[in-house]
Amino acid sequence: MAAPNSEADQAKLQIFKDELYDTIREHGSETRVFSQADLKGLGVIPNNDVRILVDVIQMLTNEKLLIGVHLPGGELGWKWRSREDAKKYTSLPDEPTRLVYGEIDQAGQDGVWIRHIKLRINIQDATLKACIKFLESKGFISSMTNVEMPNRKMYIRADLKPSERATGGPWFTDGELDEAFIKVIEGIIFEYIKTRSAYFSRGTVLPQRQPKKGVVTGDARGVKRTATDISNDDATPAPAPATKAAPPPPKGKPMYLPMPAGYKKYPTVNDITEFIHNQKVSTAMLGVADIQALVDVLVFDGLIEPIQVHNRKGYRVVRPTKQDTVSYAKRQQDRESHPESGDIVLGPPPLSSAVTEAPCGKCPVFELCQEGGPVAPSTCVYFQEWLGLKEPAVATANGTAPP
């Protein structure tokens, strides 16, 4: 085909352009990059004529329906753009405005810093501000805040929702970390794992076992009786039963007990996520990754631990017998009634021993401590403070304690 000088040639190119664009859309999403070989393989261009293909690509690029990108190795590729988005480009008044909008468009849901726009397209401040003002007035772009860089002025396409990386996900509200919301969800997750990985015992003690037949209790406990003694017992009439009712079994302390060996239904992250959704505790959509992040925090805090049962990775509480038997919901209600009680503490109190409680366990000068040295056990001020024999030293302005 000769160069498109005649109207007939232009009409043919227009047909090829529309057919190629529709075929590209049918064979990939907006994120797919088509190489020249891919476009030839679509079978739209007759005889895969390179000159016709180049002319058609140029027409699509001029109409902003194709976006040129660089492939590895220096080869040029193209991605398609919707006709609605292309109309926005063609409606812009000048090239600087199109360049600014193009940078914001390519940034996608992460948005772009205004300084990056200036550096990439080498535009003056006054021109950049005028372009931004025009695009905002037309409703094409809007400003946004990135939680990782809250002081930067960033922009995003008005029809896009900022990514979770930019907004911080469901744990951020208006760019601020929502600590109260996180604590509530953590408490609900911990309570769910506690009740599903340990069983609640009301503390009832089983009655004492009766001795087996043929074994004498009391002073002769454990002595095997002869057959003659047992036969004489059968000849002796049994005493009348006591009229006094047996006392009820004593009650122990209610507590959570660990599941027996071989238990396989420890809750997984998917189970926890489904439970959170069913409880409707949040208007924000919490995905598996969001719940996994809080579960990891509970693991790092030493409140729960992972357990692998075959191909199933579940979680269980640590030290179940020391867990609080009052539910998290009840403790939350009590806290709302008595705010002065402070935050709810999850899990049992930390383990302590004489080593951790004594000053030696956390002494900053432990390596220097010896009789006759600069610090000695007999003159240790930390021991005197720990035993209550001396008031704690008050640090001076330079950070050291007075002698």
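Gain on full extension, evaluated as 0.36 nm per residue between residue 363 and residue 14 minus their Cα-Cα distance, stands at 117.3 nm.
A straight chain from residue 280 to residue 371 at 0.36 nm per residue would run longer than the Cα-Cα distance by 26.4 nm. Calculated FRET efficiency, residue 310 to residue 126, Cβ-Cβ distance, R0 = 45 Å: about 0.10 to the nearest 0.05. Solvent exposure of the stretch 278-341, expressed per residue, is 66 Å² of accessible area, with all protein chains present and a 1.4 angstrom probe.
Taking square-rooted eigenvalues a ≥ b ≥ c of the alpha carbon gyration tensor, is the stretch 253-338 rounded, prolate or oblate, where a/c under 1.5 means rounded and, failing that, a/b exceeding b/c means prolate? Oblate.
Report, to the nearest whole %, how much of the accessible area of the stretch 42-131 belongs to carbon and sulfur atoms, 1.4 Å probe, protein only. Carbon plus sulfur share of accessible area: 50 percent. The GluC sites (Glu not before Pro) of the stretch 1-93 meeting both criteria, a DSSP state outside H, G, I, E and B (loop) and at most 15 other C-beta atoms within 10 angstrom of the site's C-beta, are 30, 75. Going by Cα centres, the stretch 86-153 and the stretch 272-333 are how many Å apart? Comparing the Cα centres of the stretch 86-153 and the stretch 272-333, I get a distance of 43 Å. The stretch between residue 179 and residue 340, if pulled fully straight at 0.36 nm per residue, gains 56.1 nm over its current Cα-Cα span.
Using the Cβ-Cβ distance between residue 319 and residue 389 with R0 set to 30 Å, the FRET efficiency from 1/(1 + (r/R0)^6) comes to roughly 0.30. Using the 1.4 Å probe convention, the accessible area of the stretch 48-88 works out to 54 Å² per residue with neighbouring protein chains retained.
The values are calculated or read from the model by the stated rules, or taken from the named source; none is laboratory data. The structure presented is a predicted model; accordingly, all values stated were derived computationally and were not measured. Every residue, glycine among them, receives a Cβ derived from its backbone with ideal geometry; neighbour counts consider all protein chains shown. Ligands, DNA and RNA are excluded from the accessible area calculation, which covers all protein heavy atoms including side chains. Shrake-Rupley method; radii C 1.70, N 1.55, O 1.52, S 1.80 Å.
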